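Visitor: Before I ask anything, let me first share the structure, which is written out below as C-alpha cells.
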Amino acid sequence: METLFSAIFTNTQEAIISQAQWDRVQELRKNKRRNTKAERQGLFSGLLFCADCGSKLHFSTSKNFEGRQDHYVCSNYKSNRGDCSAHYIREDVLRELVLERIRSVNEYIRKDVEGFQEEWLQCNREAQEKSIKADKKRLEQSKKRLSDLDVIMSKLYEDHALGNLSTDRYKKMFADYEAEQKQLELEISVTEDWVESREKADDNMDSFIALTKKYVDVTELTPTIVNEYIKKIIVYVPDKSTGKRQQKLKIIFNFVDEVEIPSIAEPIVYKRQTTNRKTA
C-alpha cells in the first residue's frame with residue numbers, strides 16, 4: 001500500500017521581514033487596546049506597566065477637557081480600593097518625555113553608529129555568552145540521554161525476548177522511551193538552531209539602527225512611531241518627599257530591550273513643583 005504524507009519545511013526562502021520584526025508584530029497583535037467611554041484611545045495604551053504590582057496602567061479621558069486631562073492610572077488601584085496606588089501620570093507629560101527620549105536616542109546612535117554597535121556588543125556579550133553556554137550544556141545532556149535511550153531500548157528488547165518482561169509491559173515501556181526519544185530529537189534540533197542564530201550577528205541591533213534612519217527628525221509622536229520604538233514603559237509611584245513631585249519612568253525599547261547603554265536604558269526622572277491640585 002502506498003503511504004501518503006505531508007511535511008512542512010521551514011526557513012527555505014529568504015524572509016520578507018526579520019524574525020525580530022515578526023516577533024514584535026505578534027506582540028502588538030496580542031496587545032489589544034481598550035476602548036474608552038469618550039471614544040478616544042490613549043497613545044500609550046497597553047504599553048504602560050506599574051513598577052510596583054506589574055499591572056497595566058489604564059487610560060482615562062473626559063470629553064469636557066478635550067484631552068487636557070487625559071491620564072493613566074494603575075489598573076490595580078481601583079479608586080483607592082485596590083491593592084496598589086494610582087501611579088497617576090498625564091498623557092501630555094508622557095508625550096513630551098517619550099518624544100524627548102526617542103529624539104536623543106536617535107541623535108546618539110546616528111552620531112556614531114559604529115560606536116553604538118561596539119557598545120551594544122560589549123553590553124550584550126557577557127549575557128549572550130552565558131546563555132549560549134547554558135544552551136550548549138543542555139545540548140550535551142540531551143544528546144547523552146538520547147544515546148542512553150538507545151542502550152536502554154536495546155536492553156528492553158533483549159529482556160522481552162528472553163521472557164523476563166511481559167509483552168504488555170514491554171510495549172508500554174518501549175512506547176514511553178520512543179516518545180521521549182522523539183521529544184529529545186526535536187529539542188536538540190531547535191536548540192542547535194537557536195544557538196547558531198545567536199552566534200551569528202544579531203539583527204536586533206540592525207533593526208533598531210534602521211529605525212533611527214527611518215525617523216530622522218521626529219517632531220510628533222504617532223501610534224506607529226510609538227509602537228515601532230517602544231516595547232513597554234514602567235511607571236513608578238511619584239515621590240513628593242523633597243517638596244517637588246518626582247516621578248521615574250523606564251522606557252524599554254524594542255529590539256534592544258536588554259541593552260544597558262545609559263543613553264537608552266537609564267530611567268527618566270520627571271520633576272514638577274507640588275501644588276494643592278493633582279498634577280503630573
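The values are calculated or read from the model by the stated rules, or taken from the named source; none is laboratory data. The structure displayed is predicted, hence computed values, not measured ones. Reconstructed Cβ throughout: ideal geometry from the backbone, glycine too, with neighbour counts over all protein chains shown. To get the accessible areas, we keep the full protein, side chains included, count just its heavy atoms, and leave off ligands, DNA and RNA. Shrake-Rupley method; radii C 1.70, N 1.55, O 1.52, S 1.80 Å.
Visitor: Gln117 passes all but one of (1) of a type in the set (S, T, N, Q); (2) closer than 25 Å to Gln41 by Cβ; (3) at pLDDT below 85; which number fails?
Guide: (2)
One line per residue, one yes/no per condition, for (1) assigned to a loop (DSSP other than H, G, I, E, B); (2) in contact with a Ser or Thr (Cβ under 9 Å, 6 or more places away or on another chain); (3) among the hydrophobic types (A, V, I, L, M, F, W, C); (4) at pLDDT below 90:
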site: Asp217; (1), (2), (3), (4): yes, no, no, yes
site: Glu220; (1), (2), (3), (4): yes, no, no, no
site: Lys250; (1), (2), (3), (4): no, no, no, no
site: Asn276; (1), (2), (3), (4): yes, no, no, yes
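Visitor: Identify, from the list Arg95, Arg145, Arg103, the residue that is touching a helix residue (DSSP H, G or I) at 6+ places or on another chain (Cβ under 8 Å) and at pLDDT 85 or above.
Guide: That would be Arg145, the only listed residue that is touching a helix residue (DSSP H, G or I) at 6+ places or on another chain (Cβ under 8 Å) and at pLDDT 85 or above.
Visitor: Only one residue in Asn64, Asn124, Asn80 is more than 21 Å from the chain's Cα centre (by Cα), at pLDDT below 85, assigned to a helix (DSSP H, G or I) and not charged (D, E, K, R), so which one is that? Even if it seems obvious, please write down each step before you answer.
Guide: On the way: Asn124 fails: more than 21 Å from the chain's Cα centre (by Cα); Asn80 fails: assigned to a helix (DSSP H, G or I).
None of the other options fit; the residue is Asn64.
Visitor: Check region 180-191 and report whether any residue there is open to solvent by less than 50 Å² (accessible area, probe 1.4 Å), over 30 Å from Val256 (Cα atoms) and more than 37 Å from the chain's Cα centre (by Cα).
Guide: no
Visitor: Give me the pairs: first residue in region 42-58 and open to solvent by 10 Å² or more (accessible area, probe 1.4 Å), second residue among the small types (Gly, Ala, Ser), beta-carbon distance under 6 Å, and six or more apart or on different chains, which are they?
Guide: Ser55/Ser75; Lys56/Ser75; His58/Ser75
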